[in-house]
Amino acid sequence: MFNYFGKKDRLKKNVHDLNWIDLSDFIFESGNYAMSHSVEMIAEVKRRANGNPQKAYESLLEVCDEKIDEFESIENRHCCCKRGCSYCCYQAIYLSQFEWKMLLYLINRMTRNERKAIKIKAEANLEKIKSKNIPIKLTPFMDETANNKLYLKQNIPCPLLGEDGACLVYRRRPLACHSFRNYGISSECEGKIPQNSYTFDEYHPAVRLPIIMEFSNTNDMLNMNLLSYLLAENL
């Protein structure tokens, strides 16, 4: 099996939280699992997409979800995330131009009233974001963790969060949303980033980036903006 992380010991911290140490083994094995299955996942995404960029993005999320679910089953890990649990929908979400194009394609197929409601929420969010000097654009040297903690304190719900606590664009949600899973209890997510959560970043070089680069370009990937800003300015 491809050794993505190297020694497991590199992931272990000098802490007394046994749950975190246990999760570090899960993270290590997940990296190896993603890399060792990357070729088959990329091929499956392309097969389902059949040359269609919109379908390619949906297929990318589907295939990664299926492989992560499969890995969870092997490791006997159970994600506590479920429909209607929306604590993580209060985090700062930056997305690339490619993700935005895929998302906008779906939003433009909503009714005028639905788009208007989303825009009103996004504009209210943007006003609060600007008042707290939260960066609109993601930059290479930004402390994303500190920025996200500041964002969480503002209690800003995603404009795409429905009244029932479910995502309105789930099948085309941003990559940051797609990869976030909590392996503790759902209440740990309220107002903070739970210690037993994981974002499966290893799937980016293994699968996401090769697929996205085939249907997009480097500039589209490097230009990252806050979701609320994009919705407020473009709807």
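Go through the residues of the range 155-172 one by one and say whether even a single one is under 24 Å from P135 (Cβ atoms), of a type in the set (G, A, S) and in contact with a Leu (Cβ under 7 Å, 6 or more places away or on another chain). Quick ask: steps written out before the conclusion?
So in the range 155-172, the residues under 24 Å from P135 (Cβ atoms) come out as 155-161, 167, 169.
Now restrict to residues that are of a type in the set (G, A, S): none.
No - not one qualifying residue is present in the range 155-172.
Considering (1) of a type in the set (S, T, Y); (2) more than 20 Å from the chain's Cα centre (by Cα); (3) more than 16 Å from G162 (Cα to Cα), say which one T145 fails and leave the rest.
(2) is the only condition that T145 fails.
Take the conditions touching a helix residue (DSSP H, G or I) at 6+ places or on another chain (Cβ under 6 Å) and open to solvent by less than 70 Å² (accessible area, probe 1.4 Å) and apply them to C177. Does it pass?
On the way: touching a helix residue (DSSP H, G or I) at 6+ places or on another chain (Cβ under 6 Å): no; open to solvent by less than 70 Å² (accessible area, probe 1.4 Å): yes.
So C177 fails the test.
Working only within the range 151-166, note down all residues that are in contact (Cβ under 8 Å) with a residue 40 or more places away in the chain and either surrounded by fewer than 16 Cβ atoms within 10 Å (Cβ to Cβ) or aromatic (F, W, Y) (or both).
Start the filter on the range 151-166 by keeping residues that are in contact (Cβ under 8 Å) with a residue 40 or more places away in the chain, which leaves 151-152, 155-161, 164-166.
Residues satisfying the conditions are Y151, N155, P157, D164, G165, A166.
Among what's in the range 189-220 and is of a type in the set (A, V, I, L, M, F, W, C), open to solvent by 30 Å² or more (accessible area, probe 1.4 Å) and assigned to a helix (DSSP H, G or I), pick the residue that is farthest from G51 (Cα to Cα). Give the derivation first.
Residues of the range 189-220 that are of a type in the set (A, V, I, L, M, F, W, C), as a first pass: 189, 193, 200, 206-207, 209, 211-213, 215.
Then keep just the ones that are open to solvent by 30 Å² or more (accessible area, probe 1.4 Å); that gives 193, 209, 213, 215.
Adding the requirement that they be assigned to a helix (DSSP H, G or I) leaves 209, 213, 215.
On the way: L209: 16, M213: 13, F215: 9 Å.
Checking each candidate, the answer is L209.
Looking at K67, K55, can you tell me which residue is buried (at least 20 other Cβ atoms within 10 Å of the Cβ), within 21 Å of Y203 (Cα to Cα) and either free of Cβ contacts under 8 Å to residues at least 60 places away in the same chain or basic (K, R) (or both)?
Values: K55 fails: buried (at least 20 other Cβ atoms within 10 Å of the Cβ).
Going through K67, K55 in turn, the sole match is K67.
Applying the selection to the range 72-98, what residues are out of contact with any strand residue (DSSP E or B) (no Cβ under 9 Å at 6 or more places or on another chain), more than 27 Å from S24 (Cβ to Cβ) and buried (at least 17 other Cβ atoms within 10 Å of the Cβ)?
Of everything in the range 72-98, just one residue is out of contact with any strand residue (DSSP E or B) (no Cβ under 9 Å at 6 or more places or on another chain), more than 27 Å from S24 (Cβ to Cβ) and buried (at least 17 other Cβ atoms within 10 Å of the Cβ), namely F98.
The values are calculated or read from the model by the stated rules, or taken from the named source; none is laboratory data. Note that the structure is a prediction, hence the values are computed from the model and not measured. Neighbour counts run over all protein chains shown; Cβ positions are idealised from the backbone, glycine included. The area values use the complete protein model at the heavy-atom level, side chains included, leaving out ligands, DNA and RNA. Shrake-Rupley method; radii C 1.70, N 1.55, O 1.52, S 1.80 Å.
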